[in-house]
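A quick write-up on the structure given underneath.
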Amino acid sequence: MNKWRSFCLGFAFLLISLVAMAEEQGAIKPQSLLSEVIQGMPKGEKQEVRVLTASFKPGDKTMFHTHRFPVTVYVLEGAFTLEMEGRDPVTVKAGQAMIMPSHVKMTGYNRSDTNPLRLVIFNVSDPDTPYLYPVH
């Protein structure tokens, strides 16, 4: 019985120590911005990961296009409006993220008359797949 008590006390001390260490000042705690189950990701043996940036002046927009694989967008500055065929427009502001679906015709805008827009774009695809496909 003494061994069991010693084990329990030791285990409790270990848990308290771990919690205290995790709460130390300066410990990094990631914050989730976006979590979404999606379809259409590449399934090959290898994938290419791209991290891109885009800067829009007031009133700028992208060409009408599609993506072969889903694309994640994080807004650094301004507000990004995405118009997708058959769907309501979606606006994402600085500090927010969204996933653009694959095989949907779309165009993105900076609707502001005065403020710039800056994005970080994350794309996972089969190697050498174009980032987007223009739609005419």
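The values are calculated or read from the model by the stated rules, or taken from the named source; none is laboratory data. For clarity, every value in this text was computed on a predicted model and none was experimentally measured. Neighbour counts run over all protein chains shown; Cβ positions are idealised from the backbone, glycine included. The protein model used for the area step is the full one, side chains on, heavy atoms only, and it has no ligands, DNA or RNA in it. Shrake-Rupley method; radii C 1.70, N 1.55, O 1.52, S 1.80 Å.
Evaluate the following for T114: is it of a type in the set (S, T, Y), modelled with pLDDT of 95 or more and either assigned to a strand (DSSP E or B) or touching a strand residue (DSSP E or B) at 6+ places or on another chain (Cβ under 7 Å) (or both)?
On the way: of a type in the set (S, T, Y): yes; modelled with pLDDT of 95 or more: yes; either assigned to a strand (DSSP E or B) or touching a strand residue (DSSP E or B) at 6+ places or on another chain (Cβ under 7 Å) (or both): no.
Criteria not met by T114.
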Regarding the range 10-30, can at least one residue be identified that is in a loop (DSSP other than H, G, I, E, B), aliphatic (A, V, I, L, M) and either at pLDDT 95 or above or in contact with a strand residue (DSSP E or B) (Cβ under 7 Å, 6 or more places away or on another chain) (or both)?
no
With the condition kept exactly as written, say whether any residue in the range 56-67 is outside any loop (DSSP other than H, G, I, E, B), in contact with a Lys or Arg (Cβ under 6 Å, 6 or more places away or on another chain), loosely packed, with under 15 Cβ neighbours inside 10 Å and in contact (Cβ under 8 Å) with a residue 12 or more places away in the chain.
no
Verdict on E45 being open to solvent by 100 Å² or more (accessible area, probe 1.4 Å) and at pLDDT below 95
yes
